[in-house]
Structure formats: structure tokens, C-alpha cells
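First comes the structure, then the notes that go with it.
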Amino acid sequence: MKILITATSMRPDSDLPALEKLRLFCDNLIFSPLQRPLQPEELIPLVQGCEGYIAGLDYVDARVIEAGDRLQVISRNGAGVDRIDLEAAKGRGIVVCNTPGANAQAVADLAMGLALSVARRIPMLHSSTVQGGWKRSTGIELYGKTMGIMGLGAVGRAVARRAQGFSMRVLAYDPFMDHTYAEQNDITAAGYQQVLSEADVLSLHLPLTDETRHILDRQAMQTMKTGAIIINTARGGLIDESAAADLLLAGHLGGLGIDVFEKEPPESSPLFALENVVVTPHTAAHTQEAVQNMTDMAVDNLICVLQGRPCPNTL
């Protein structure tokens, strides 16, 4: 048996308990030679002859699925599966699993960290100060503002709890809204347009689908409050980055905190030159706790399927 591992947090020299568990299960582990998401052309030679595949943020298209001549399971080390051709996998009888909720607390932490960093221009002030400057910046408080959340799943709920700790009013949109949960947790369930128009800070926690791609396009962002802040720790394709840059330059948007990009890694972006933009390299899930949670679940999912046992996280 041969298993491919491309999740960047699972390196051959790491001391993750889940990796040791996987080595006891299979002694032929193939690791990615690159510390980044792989393109299809890079995956094709690696996946050949593998029964199992623990995937990071790689681009697993139909060509990769076809090349996986012995592949039985793709276990995603994370929740999002928008880069995996699920129909192609289904057509080949390949089981696809993910790790829902395993990184929710880590992602929620970064979402709030980005909101604070943008609201108070923390990275810009840090850079200025260490370079010898003493530049002041008048930011805004999160206290008492309205946090708009799009997507009230595990991460959205965790962000809501953090926002409430800042005495923020929480307004949430989700096409599959759990109204009972919202009512019990002091979250106002709202429509898409209401969240757009009332949010002082808008945090995105939706999957990337044909329906959600550019859910924040130019027109949508123009309907937001002047000075509103957008936070995206979900998927880059949710925001029209070019339109966001224009609206930031025009002063309509107050700031943007972004951990994800339409193209990763981004070669360049008009966003990079703006002081009211804070960017991070798709690192929201990279905490010690979240990495262990995700790898534990990803390895358990993979072993479960390869042993022919029911897997609770099959898509």
C-alpha cells in the first residue's frame, strides 16, 4: 500500500501523533517535495499507484483523479473541498472526506485578529515604529459595532462568540440558517442584503461554489456602509479583489483583512500597496491545536475508508 501526503503541515520530520499512527498503518508514505499547494501537473506523477491521498490545498482536477489508478480515498486535511473535482472522484468510486470544525477556533481567532489589525492599523504602525517613525493613526473601535457574518457554520459561530465578547451586535446570513441556534445565542438572523447594508465589520465564512463566487462583487460592496471593514478567512474567490481595491482607494471601504486569494500564492495585487489592507498567507488554520485536530481527523478518515469501515466525514 502507498499513501500520498501533500498537506504542508504534515512533513516527514514532524512529530504529529497522527503521522506516527499513519506510519504504523502503512510504511510507504510519499510526501510532497514542495511546501505549497500543488498544481495538477505536479500531482499526477505523485498520485500514481497510491491507494490513499491526504490532500492539502492542492488543485485536484479530473486529470489527477484519472491518474490515481489505484486511489480509493482522498482525505482532505481541512474542511474546504472546492479544489477537488468531486464529480470526477465519484465517477471513479473514490471516497472524499474532510475535517469539518477541526480548525474552527483557529480560523475564528485570525478573523478577529485581522479585524482588530485593520481597525487599528496595527501592522502599519508596527512597521513605521520599528523603522524609526512615530506615526499616529486614528482607528475605530469594534466595541458596540455590528459584526456581519456570512456563513454560520462552525467558524461563523466561533467568530460570533468572539464578537459578542467585544459587545458587538451580531447579524448573520446563511442560506441554511439554523434559526434555533441563532435565537439561543443572541444572533440576529438576517437576509443577504441586510447583512451587507448594516455590517460595520463583515466576516466571510462560506464555501466557494458557483453560487458564492464573487458574492462580494463591486455592486454588493458598494451597498455596504462607508468605512465598513471586510474580513475573509474562507476562500479567495468570494471577493472580487480588483473591485475591492478600487473601493478601498475611493474611500468607500474602510479596510480589508484577507487570508485567502483567488490565485494562491498571489504573484501581485493592487491590495498590497494599501495601508488599510492586512494580508496573511492562507494561514488561518495554522495553530498547533488546529493542525493536530485536522491531522488526527484526516488520518482517521483515511484509515477508516481503507479498512472498509464507515467514515462519518464522507462527502
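The values are calculated or read from the model by the stated rules, or taken from the named source; none is laboratory data. Keep in mind it's a predicted model, so treat the numbers as computed, not measured. Don't worry about glycine lacking a Cβ; one is built from the backbone with ideal geometry, like all the others, and counts go over all protein chains shown.
Observations
- So residue 48, is it in contact (Cβ under 8 Å) with a residue 12 or more places away in the chain, over 16 Å from residue 285 (Cα atoms) and either surrounded by fewer than 19 Cβ atoms within 10 Å (Cβ to Cβ) or of a type in the set (Phe, Trp, Tyr) (or both): yes
- Condition met for residue 20 (of a type outside the set (A, V, I, L, M, F, W, C) and either within 28 Å of residue 156 (Cα to Cα) or in contact (Cβ under 8 Å) with a residue 12 or more places away in the chain (or both)): no
- Matching strands (runs of 3 or more DSSP E) fully within segment 1-114 where at least 1 residues are among the charged types (D, E, K, R) and touching a Ser or Thr at 6+ places or on another chain (Cβ under 9 Å): 73-76
- Residues that are under 30 Å from residue 124 (Cα atoms) and assigned to a helix (DSSP H, G or I) within segment 266-296 comprise 270, 271, 272, 273, 288, 289, 290, 291, listed in sequence order.
- A single member of 285, 273 is among the small types (Gly, Ala, Ser), within 21 Å of residue 101 (Cα to Cα), at pLDDT below 95 and out of contact with any Cys (no Cβ under 8 Å at 6 or more places or on another chain), and it is 285.
- All positions within segment 193-208 that are within 24 Å of residue 110 (Cβ to Cβ), without any contact (Cβ under 8 Å) to a residue 60 or more places away in the chain and surrounded by fewer than 20 Cβ atoms within 10 Å (Cβ to Cβ): 198
- Among (1) in a helix (DSSP H, G or I); (2) of a type in the set (A, V, I, L, M); (3) more than 16 Å from residue 75 (Cβ to Cβ) - the single one residue 299 does not satisfy: (3)
- Of everything listed in (1) of a type outside the set (S, T, N, Q); (2) part of a loop (DSSP other than H, G, I, E, B); (3) under 24 Å from residue 78 (Cβ atoms), the single unmet condition for residue 231 is (2).
- Residue check, residue 250 among the aliphatic types (A, V, I, L, M), buried (at least 18 other Cβ atoms within 10 Å of the Cβ) and either in the same structural domain as residue 108 (by TED's automatic domain parsing) or on the phi > 0 side of the Ramachandran plot (or both): no
- Residue count for segment 145-180, restricted to those that are in a helix (DSSP H, G or I) and over 14 Å from residue 205 (Cβ atoms): 4
- Residue 69 falls short on exactly one of the conditions (1) among the charged types (D, E, K, R); (2) in contact with a strand residue (DSSP E or B) (Cβ under 8 Å, 6 or more places away or on another chain); (3) at pLDDT below 95; (4) over 24 Å from residue 283 (Cβ atoms), and that condition is (2).
- Only a single item in (1) in contact (Cβ under 8 Å) with a residue 40 or more places away in the chain; (2) in contact with a strand residue (DSSP E or B) (Cβ under 8 Å, 6 or more places away or on another chain); (3) surrounded by 17 or more Cβ atoms within 10 Å (Cβ to Cβ) is not met by residue 157, and it is number (2).
- Total residues in segment 288-315, condition acidic (Asp, Glu), under 15 Å from residue 98 (Cβ atoms) and under 20 Å from the mean Cα position of the chain (by Cα): 1
- Residue that is farthest from residue 145 (Cα to Cα) [pool: residues in segment 209-228 that are in a helix (DSSP H, G or I) and in contact (Cβ under 8 Å) with a residue 24 or more places away in the chain]: 218
- Hey, residue 233 crowded, with 17+ Cβ neighbours inside 10 Å and touching a Lys or Arg at 6+ places or on another chain (Cβ under 9 Å) or not: no
- Flag if residue 232 is of a type outside the set (A, V, I, L, M, F, W, C) and within 18 Å of residue 116 (Cα to Cα): yes
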